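Visitor: Got a structure for you, written out below as structure tokens; questions coming shortly.
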Amino acid sequence: MTSGHSAPSLPQPPHPAAAARALAEAAQAAACAWGPPLEPAKHSRAVSQLYSTLRDLGIAARGLASYQTADAPPGLAAPDFPRHVAMSSRWLLGACDGLNGVLAAEGIGPAPDPDEPGAALCQAARNAILAWRRPSGTHADRDTTVARFITATRALSVATRRLAAYAPRLRVIGLHAVGASLTEATAHLMAAIQTPADDAAHGCGAGPALNPAAGNEPRRPSPAP
């Protein structure tokens, strides 16, 4: 016998561009937090969080590659969009390989404070998986989403370099491999929207903060939600 009460509906995932914005901001915050030298336990946790983020973004990018648009302006359609975004997914997932040995040797370590930047970055990457699972919208929405994704991957590149600057030798090798993979992933994302996105690794001495109102977010179309 049923109680007559329906189960509460699950919250709707954020708009793809909104999830990408949250991801970019979280990546920038992590790059700032990982700039100063970290004590060994925190450095290990940061590397683990970077690994989780790259893995989840690789999964999320698979969904983003299927972005459905119905209003592509003549001459601006990107027939190679799915291929380039799918290739970015492969590079992001491949970046994890460089850290597999490190994590296997050192373990995961204690659970992080959920409010610290690395934990927030992991959550933003997980949210992107849901938001980009079956994405659809305007051509401008799609390109804004990818431009913000580029902001995130470039911020992650900065974060990776900063972690490598004072890492033990085993971690340095893996982090350098991650940096190379992020460069390739970013290049494919830029090719996907056919625009030479500006250097978007903002914050902490790497340029102005993400601020679409000021016109310094790397995008061609108008901002989406």
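Visitor: Please give the FRET efficiency for Ala165 paired with Ala70, using the beta carbon to beta carbon distance and R0 = 41 Å, rounded to the nearest 0.05. Let's see the in-between values first.
Guide: On the way: r = 46 Å, r/R0 = 1.12.
With a Förster radius of 41 Å, E is 0.35.
Visitor: Okay, next question. Ranking request for peptides 14-24, 35-45, 117-127: highest mean number of other beta-carbon atoms within 10 Å first, then the rest in descending order.
Guide: Highest to lowest by the protection proxy: 14-24, 117-127, 35-45.
Visitor: With the cut-off at 1.5 for a/c, could you classify segment 132-201 from its C-alpha gyration tensor as rounded, prolate or oblate?
Guide: Verdict is prolate for segment 132-201.
Visitor: Once the piece of chain linking Glu116 and Arg133 is laid out straight, how much longer is it, given 0.36 nm per residue of separation minus the C-alpha distance between them?
Guide: Here the segment from Glu116 to Arg133 would lengthen by 3.5 nm.
Visitor: What are the equivalent ellipsoid semi-axes of segment 126-172, built from the alpha-carbon gyration tensor (square roots of five times its eigenvalues), in whole angstrom, biggest first?
Guide: They are 32, 12, 5 Å, listed from largest to smallest.
Computed from the coordinates by the stated procedures, all read-outs in this text should not be read as laboratory data. What you see is a predicted model; the values in this text were computed from it and never measured. Note that we place each Cβ from the backbone using ideal geometry, even for glycine, and neighbour counts take in every protein chain shown.
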